[in-house]
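Right, one structure below, let's go through it.
The values are calculated or read from the model by the stated rules, or taken from the named source; none is laboratory data. Only a predicted model underlies this, so the values are computations on that prediction, with no experimental measurement involved. Positions of Cβ are backbone-derived with ideal geometry, glycine not excepted, and every protein chain shown enters the neighbour counts.
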Amino acid sequence: MDEELNPRDGETVDEILGGRLRIIQKMRGYRFSLDALLLAHFAALREGDDLIDLGTGGGVIALILSQRVKCGRILGIDIQDELVEIAKRNVVFNGLAGQIQIRRGDVRYPKFLCEPQSFSAAVFNPPYRRLASGRMNPDPGKAVARHEIAGTAADFLAAAVHALRLEGRVYAIYPATRMVQLLVRMREFRIEPKRLRLVHSRPGGSGVFVLVEGVKEGREALQVLPPLFIHEERGGYTLEMAEIFRDLSVCPARGGNGSLWP
C-alpha cells in the first residue's frame, strides 16, 4: 500500500464492523464519537440509495453505511482540508475508492457541492454549539466541528434540499435542547419530519440527543420511537446500546480519545 495512505505519527487506527473497516484518526484533535455511530445506526438506507454525507469529518459515517447497505454513489463533503485528506485516505485504506468520493465543500454554498437533486439520501451531524455559547475549543478542527463557525443546522438543511431528489430522505442528529429549532427549520425547508428518537444518557435523565429522519416534500405523519438509553442507572451500557455496538462491531473504549461519549 502507498506509504502516504498508512497511519502516520500522531495518528491511530480504530476498527469498526469487526475489523472490516479501519479508521485513521488524529490522536489529538477531532475524532468521531458516539453521536456519529448513533446516526450511522439510525439511518435507514435502502439498497441503491445515492448518499451525500454533509460534514463527513474523517468519513466514518459514509464508510459504515457503505458496508451496511449496498448503496449507489456516496459523496462525503467537508470544509476542513485536513479532515478531507484523512477521509480520502480512509476511503483508499479500506479499498472503497470505487464507491465513495470525498470532496472539500462549504454547505453554505450548496450549488457548488453537487448537481441539484442528484441524491436520494443525506446524513449530517452538524456543529451543535452557537458561536456565543460556552468556551471555544482551542483546537481549530474541534472548534469548527462543534461550533457554528462554518455552518448552522439551517445551512446543512439547505444543502440537503439542494442535493436531494423529491421524497429524498434526511437523517440528522442534534442536541435535544435544540430539537425545536431543528424541527422548525426542517418544516421551513419543506423537509417533513417522519421518524424521531430521543437519546438519553440514562433512565430518569434528560434527553441528550435527538435522531430525526425527514422526507423532502413529505406528508405529515411523525413516528416517535421509544427513547434510547445509553447507560444503566448504576453505570455500564444498556442492553440496547450494547446491541448497537455489537451490530457495528465496535469496541466503545477505543473511539474518541478513549471515550465515545462527547
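Quick one: in segment 28-82, of everything that is touching a residue at least 60 places away in the same chain (Cβ under 8 Å) and of a type in the set (Ser, Thr, Tyr), which residue is surrounded by the most Cβ atoms within 10 Å (Cβ to Cβ)? Checked segment 28-82; the qualifying residue surrounded by the most Cβ atoms within 10 Å (Cβ to Cβ) is Tyr30. For Leu248, the conditions (1) surrounded by 18 or more Cβ atoms within 10 Å (Cβ to Cβ); (2) more than 20 Å from Leu45 (Cβ to Cβ); (3) aliphatic (A, V, I, L, M) are fulfilled apart from (2). Can you name the residue in segment 106-120 that is under 13 Å from Val161 (Cβ atoms) and crowded, with 16+ Cβ neighbours inside 10 Å and, of all such residues, is nearest to the chain's Cα centre (by Cα)? Only one residue fits best here, namely Val107. Sub-8 Å Cβ pairs linking a first residue in segment 203-222 that is in contact (Cβ under 8 Å) with a residue 60 or more places away in the chain and under 15 Å from Gln181 (Cβ atoms) to a second residue that is of a type in the set (Phe, Trp, Tyr) and outside any loop (DSSP other than H, G, I, E, B), at least 6 apart or interchain, are Phe209/Tyr174, ordered by first then second residue. Hey, does segment 129-139 have a residue that's more than 29 Å from Arg20 (Cβ to Cβ) and at pLDDT 95 or above? Within segment 129-139 (the criterion being more than 29 Å from Arg20 (Cβ to Cβ) and at pLDDT 95 or above), the answer is no, since none of the residues qualifies.
In the set Asn90, Asn94, only one residue is buried (at least 23 other Cβ atoms within 10 Å of the Cβ), over 30 Å from Leu225 (Cα atoms) and not hydrophobic (A, V, I, L, M, F, W, C); that residue is Asn90. Against the numbered list (1) modelled with pLDDT of 95 or more; (2) of a type in the set (D, E, K, R); (3) over 30 Å from Ala242 (Cα atoms), Asp50 comes up short only at (3). Among the conditions (1) within 16 Å of the chain's Cα centre (by Cα); (2) assigned to a strand (DSSP E or B), the only one that Ile61 does not satisfy is (2). Here is a check on your reading of the model: is Phe124 under 25 Å from Met179 (Cβ atoms) and in contact (Cβ under 8 Å) with a residue 40 or more places away in the chain? Answer is yes for this residue.
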